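Visitor: Could you have a look at this structure, given as structure tokens, before my questions?
The values are calculated or read from the model by the stated rules, or taken from the named source; none is laboratory data. Everything numeric here is computed off the predicted structure, so don't read it as measured data. Methodologically, a virtual Cβ is constructed for each residue, glycine included, from the backbone with ideal geometry; neighbour enumeration extends over all protein chains shown. We work out accessible area using only protein heavy atoms, side chains counted, and drop any ligands, DNA or RNA first. Shrake-Rupley method; radii C 1.70, N 1.55, O 1.52, S 1.80 Å.
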Amino acid sequence: MTLPARSLRHALNGVFSVYKPTGWTSREAVNKVQDSLSEQLHARLGMTKKLKQRDKIKIGHGGTLDPLAEGVLILGVGNGCKKLHDYLHCTKEYLVLAKFGEATDSYDSQGTITHHGSTDHINQQNILSILPQFKGEITQVPPIYSAISIQGKRAYDYARQGIELPKPIEPRQVQILELELLDYQQESQKKEALFRVECGGGTYMRSLVHDIGHALGSYAHMTGLKRTRQGITMIKDTLAISNSHNNLNGMAVDLDKVLEIINSK
């Protein structure tokens, strides 16, 4: 670990992973880690000058997790940011919870319900019967609440501002390596399923659930998502992000643990 004269931007260099909790955006998680590591370095190195935003450690992430989602979030610091592109295209594994009978504008439970459909005919057997059509190379349309760029603007910005898209979101080819039904629950009119999905980069779990609902002759939206693996990084390899960072003596991520990880690679 070396210290530039005035800045911490390249005082840490490498890649590690954290466990993003549900309810946070990926950017919020990144900011908490950046603030915490920068403040710990600032104190440890005895720097007296007030720490400005531009002087904090350089940091980025290797693939967005929606606020609803939790699990593995790859982070790069300093020169490690150059390696993050590789993580966008590696395989990932998810646990995906779906609710049948309702579609939403965001394709998940945080959106507004747009359609209702009967679920009387849905059962475990016909869910299993349609899953093979979603394995391998498939065509998928990303949800409007996504980070894809349309004429230089994020799709979610159009949606949040109520602006009509300048052109339709284009379908894309994605790869589903494994799709497994782990659990099916039925309670009164509520029907839910838990899937395990192994996929290539650029695959939207919300779109997968949305399309499964249509294939069943109804509607569906995602109600939970956990990324359990990204590349070779699994949940057991992640560092927890503590909410105690808001306390004077707290820290979001332990600097020593980060140093141990990045120095071992």
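Visitor: Which part of region 133-169 falls in the paramagnetic zone of THR91, meaning amide N under 14 Å from the point 7 Å along Cα-to-beta-carbon?
Guide: Only 136-137 pass the distance filter.
Visitor: Which value, in Å², gives the accessible area per residue of region 1-150 when a 1.4 Å probe is used on the protein heavy atoms?
Guide: Each residue of region 1-150 exposes 47 Å² on average to a 1.4 Å probe.
Visitor: What full-extension length gain, to one decimal in nm, is calculated for SER149 and LEU182 as 0.36 nm per residue of separation minus the Cα-Cα distance?
Guide: 8.5 nm
Visitor: Taking H placed 1.01 Å from N in the peptide plane, check which residues at least 5 places from ALA11 or on another chain put their amide H under 5 Å from its amide H.
Guide: Amide H to amide H, under 5 Å and 5 or more residues apart or across chains, ALA11 pairs with LYS58.
Visitor: Which number do you get for Rg(Cα) / (2.2 N^0.38 Å) in region 87-207?
Guide: That ratio works out to 1.15.
Visitor: Given Cα pairs under 8 Å that are at least 6 residues apart, what percent is the relative contact order of region 153-228?
Guide: Normalised by residue count, the contact order of region 153-228 is 20 percent.
Visitor: When Rg is the radius of gyration of the Cα atoms in the chain and Rh is its Kirkwood radius, what does Rg/Rh come to?
Guide: 1.03
Visitor: Hey, how many Å between the Cα centroid of region 66-144 and the Cα centroid of region 156-207?
Guide: Their Cα centres are 3 Å away from one another.
Visitor: Taking the Cα centre as origin and putting +1 on Lys and Arg beta-carbons and -1 on Asp and Glu beta-carbons, what dipole magnitude results for region 110-199, to the nearest 20 debye?
Guide: 360 debye
Visitor: In addition: Whose amide H sits under 5 Å from the amide H of SER106, counting only residues 5 or more places off or on another chain, with H placed in the peptide plane?
Guide: GLY111, THR112
Visitor: I want the local charge near CYS90. Using Cβ-Cβ distances under 13 Å, sum +1 for each Lys or Arg and -1 for each Asp or Glu among the other residues.
Guide: +1
Visitor: Whenever you get a sec, line up ARG196, ARG9 from highest to lowest accessible area (probe 1.4 Å, protein heavy atoms).
Guide: So the residues, ranked largest to smallest area, are ARG9, ARG196.
Visitor: Tell me the mean residue ellipticity at 222 nm calculated for the chain from its helices only (DSSP H runs of n ≥ 4, each -39500 (n - 2.57), averaged over every residue, nearest 500).
Guide: -6000 deg cm²/dmol
Visitor: Could you give me the ³J(HN,Hα) list for region 58-66, computed from phi with Karplus coefficients 6.51, -1.76, 1.60 and θ = phi - 60°, whole Hz, x at Gly and Pro?
Guide: For region 58-66, the Karplus-derived couplings read 6, 8, x, 10, x, x, 5, 10, 4 Hz, x marking Gly and Pro.
Visitor: Within the accessible area of the chain, what % is carbon and sulfur when the probe is 1.4 Å and the other protein chains stay in place?
Guide: Summing carbon and sulfur atoms, their accessible area is 48 percent of the total for the chain.
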